[in-house]
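Take a look at the structure below.
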Amino acid sequence: MEGLPRSSPRKGVLSRLSRPWTWSRTALRRTFQGLVALSVLPLAPMTWAWLASAAHRVTAEPGTHWTAEVPAMPAALVLGAGLQGDQPSAMLRARLDIAAELYRTGRVRALLLSGDNSRRDYDEPSVMRAYLISHGVPAERIVLDYAGFDTWDSCVRAKTIFGASRLVVVTQVFHLPRAVALCRAAGLDAFGVGDDSSRDWPMETVVYAVREFPASAKGLLDGLILHSSPRFLGRRETALDRALAG
């Protein structure tokens, strides 16, 4: 209408720009959903490992009849856990003691020892064998895998190189869900037994448990997405067949 002042377009834009910026309800909801997704994402690999292994693992509690909960299997896969000089580390000794008990009680008939022998001066499987022999396990029931450089490699090699189909995997409780889940992802009918290291090494256990977050992410990638090949494969070996037939 004539006689009324017209507002300037430039003034209207400046007025809107000068107002304090506010979130719309849609933007707030989507941002919240995004933050929730980002917070849950790091837990997804751990959740996968726990769920995939939930019905297939037990803790080797001292003073209990834990061996009765372990299904009879042809062999146990014992995963390396480091050396102290020419002796197994404390955690590795705990794994080997569990494996020896599984053999003595007849839950398994052979032991497959998988560890790192990437250098001449570092030979996990041979040290593991010497320890088990000194604790009464016959040498002919022990098989060595010198290329178990990580959990996924050990599981895949147990099936592909050594011909295992069913086994008990032995490790610590903090590592047990990932170890069982990866062995089952590799096509093994696997059950796990774990040593509860938190009793004797609480601080070390916390450190290793925290490491399970990135390790589980790598495991999920290797086992379910990429189906990665081990660092070394090689020809089919019959050592486990002979140990089981003896």
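Quick note: the coordinates plus some simple rules give every number you see, no bench work behind them. A quick note: this is a predicted structure, and the numbers were derived from the prediction, not measured. Neighbour counts run over all protein chains shown; Cβ positions are idealised from the backbone, glycine included.
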Relative contact order computed over the range 80-230 (Cα-Cα under 8 Å; 6+ residues apart), in percent: 19
Inter-centroid distance (Cα atoms) of the range 86-140 relative to the range 182-246, Å: 16
Spread of Cα-to-Cα distances over 5 Å intervals beginning at zero, given as percent, for the range 114-236: 2, 11, 17, 21, 23, 16, 7, 2, 0
All Cα pairs of the range 81-128, percent lying beyond 18 Å: 31
Label-zone membership for the range 123-148, site F232, 7 angstrom Cα→C-beta point, backbone N under 15 Å: 123-127, 144-148
Cα-based shape type of the range 117-165, given that a ≥ b ≥ c are square roots of the gyration tensor eigenvalues and the cut on a/c is 1.5: oblate
For q = 0.11, 0.15, 0.19 Å⁻¹, Debye-computed log10 I/I(0) when each Cα of the range 76-181 counts as one equal scatterer: -0.28, -0.54, -0.90
By average C-beta atoms within 10 angstrom, highest first, the peptides 163-175, 45-57: 163-175, 45-57
Amide H contacts under 5 Å for G192, placed H, 5+ residues apart: R57, V58, V169
Mean shadow area of the range 155-222, taken as a quarter of the surface of its Cα convex hull (nm²): 4.5
Computed lengthening from D86 to D196, 0.36 nm per intervening residue step minus Cα-Cα distance: 37.2 nm
Inter-label distance for S134 and A209, nm, one decimal - labels placed 7 Å from Cα along Cα-to-Cβ: 3.1
Amide H within-cut-off set for A147, under 5 Å, with H built and near neighbours excluded: G115
Potential extension, R104-A55 segment - 0.36 nm per residue separation minus Cα distance: 15.2 nm
